[in-house]
1. What are the residues in region 27-57 that are hydrophobic (A, V, I, L, M, F, W, C) and modelled with pLDDT under 95, if any?
2. Within region 55-77, track down each residue that is surrounded by 13 or more Cβ atoms within 10 Å (Cβ to Cβ) and of a type in the set (Lys, Arg).
3. May I ask you to say which residue of 71, 60, 67 is over 23 Å from residue 4 (Cβ atoms), of a type in the set (Val, Ile, Thr) and at pLDDT below 90?
4. For residues in region 17-54 being surrounded by fewer than 19 Cβ atoms within 10 Å (Cβ to Cβ) and aromatic (Phe, Trp, Tyr), which is farthest from residue 4 (Cα to Cα)?
5. Of all residues being in contact with a helix residue (DSSP H, G or I) (Cβ under 6 Å, 6 or more places away or on another chain) and assigned to a loop (DSSP other than H, G, I, E, B) in region 56-73, which is farthest from residue 28 (Cα to Cα)? Just the residue, please.
6. Could you check region 50-65 and list, in sequence order, the residues that are within 9 Å of the chain's Cα centre (by Cα) and under 14 Å from residue 18 (Cα atoms)?
7. Six or more apart or on different chains, Cβ atoms under 6 Å: show the pairs whose first residue is in region 63-74 and within 10 Å of residue 50 (Cα to Cα) and whose second is part of a helix (DSSP H, G or I) and of a type outside the set (D, E, K, R).
Amino acid sequence: MDAQLSIPTPLRSSLRGGSGDVLTGFVAALLAQGMAPFEAAAAAVWLHGAAATEYGLGLVAEDLPNVLPRVLQKLKLLSNV
């Protein structure tokens with residue numbers, strides 16, 4: 001069995017009540033698009049943290065999905081460099 005490891009940087013600003021539910025939704029959305037489970041989990045954690053960073057202080061769980069389009073847009077712009 002091959003081992004896989006992903007070590008994201010934890011962000012305290014994303015550790016709020018309900019944020020785990022949002023993270024689960026991110027994972028489910030990526031799985032539904034055909035991403036492999038490990039990659040979906042790793043990508044979702046990264047997106048979750050990036051959305052929290054993008055929002056900044058005062059974040060609540062409901063803010064994460066609203067910020068995600070900005071994070072994805074920035075990621076798309078960086079991938080075109």
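1. 38, 41, 42, 43, 44, 45, 46, 47, 50, 51, 52, 57
2. Passing the criteria: only 70.
3. On the way: 71 fails: at pLDDT below 90; 67 fails: at pLDDT below 90.
Criteria check complete, one pass: 60.
4. Among those that are surrounded by fewer than 19 Cβ atoms within 10 Å (Cβ to Cβ) and aromatic (Phe, Trp, Tyr), it is 46.
5. 59
6. Within region 50-65, the subset within 9 Å of the chain's Cα centre (by Cα) is 50-52, 64.
Result: 52, 64.
7. Going by the 6 Å Cβ cut-off, the qualifying pairs are 64/22; 64/51; 67/51; 67/55; 68/51; 71/50; 71/51.
The values are calculated or read from the model by the stated rules, or taken from the named source; none is laboratory data. What you see is a predicted model; the values in this text were computed from it and never measured. Cβ sites come from the backbone with ideal geometry, for glycine too, and all protein chains shown count toward neighbours.
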